[in-house]
Amino acid sequence: MSITSQIARNGEWEKLSLFGPINEDAEVHLPKLVQALGQNVIINFKQVESVNSCGVRAWITFMRELEKGRTLVFEECTPDIVSQINMIPNFRGKAQVQSVYASYTCPSCGNQQQHLFVKGQNLPAAASDGGGQVNCAKCGKPTEMDELEEEFFAWVEA
């Protein structure tokens with residue numbers, strides 16, 4: 001399976017939604033998008049399934065070209081994307097991160113869920129602030145983040 005994309009225009013902004021894995025096929029698909037996108041771009045990662053090492057290389061090359069003269073925003077970053085942002089500074093480039101999903105598990109009922117953190121609402125201002133309490137959507141009891149909060153939110157201070 002290869003990555004696909006969709007571009008939606010809304011006023012001065014264009015939303016680039018990505019679907020599937022960011023893998024070796026991204027080397028073919030991503031460069032074509034540079035010319036198709038305008039000056040203000042929101043990149044939505046909600047439907048990105050995974051990122052492999054070949055995909056990281058393709059993504060960094062894409063970002064180097066895309067960020068020239070553009071304003072970029074990342075939204076709905078999956079935990080896989082957040083891991084890449086934390087490990088590889090060039091993955092984000094100059095983009096601002098607007099929102100991220102974090103994975104949580106309920107120790108009481110075993111339910112696994114994603115929680116969306118949005119800048120200016122519930123996104124911590126510092127990694128040490130943590131994500132606060134997230135209750136289980138199934139039983140209502142407190143959940144636990146699947147990763148260490150300080151490590152997951154390390155990018156916030158970068």
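The values are calculated or read from the model by the stated rules, or taken from the named source; none is laboratory data. It should be emphasised that the depicted structure is a prediction, and the values quoted were computed from it without experimental measurement. No Cβ is skipped: glycine too gets one built from the backbone with ideal geometry, and neighbour counts run over all protein chains shown.
Condition (residue is touching a strand residue (DSSP E or B) at 6+ places or on another chain (Cβ under 7 Å), more than 22 Å from Val41 (Cβ to Cβ) and either of a type in the set (Val, Ile, Thr) or loosely packed, with under 13 Cβ neighbours inside 10 Å (or both)) applied to segment 59-73: is it met by at least one residue?
no
If the requirement is being within 22 Å of Leu30 (Cα to Cα), modelled with pLDDT of 95 or more, touching a Pro at 6+ places or on another chain (Cβ under 9 Å) and not β-branched (Val, Ile, Thr), which of these qualifies: Ala58, Ala102?
Ala58 is the lone residue from the list that is within 22 Å of Leu30 (Cα to Cα), modelled with pLDDT of 95 or more, touching a Pro at 6+ places or on another chain (Cβ under 9 Å) and not β-branched (Val, Ile, Thr).
Name the residue, out of Glu27, Glu49, that is of a type outside the set (A, V, I, L, M, F, W, C) and more than 26 Å from Phe153 (Cβ to Cβ).
Exactly one residue qualifies, and that residue is Glu27.
Just the residues that are within 20 Å of Val73 (Cα to Cα), touching a strand residue (DSSP E or B) at 6+ places or on another chain (Cβ under 7 Å) and loosely packed, with under 13 Cβ neighbours inside 10 Å, please, taken from segment 105-158.
Of everything in segment 105-158, just one residue is within 20 Å of Val73 (Cα to Cα), touching a strand residue (DSSP E or B) at 6+ places or on another chain (Cβ under 7 Å) and loosely packed, with under 13 Cβ neighbours inside 10 Å, namely Val118.
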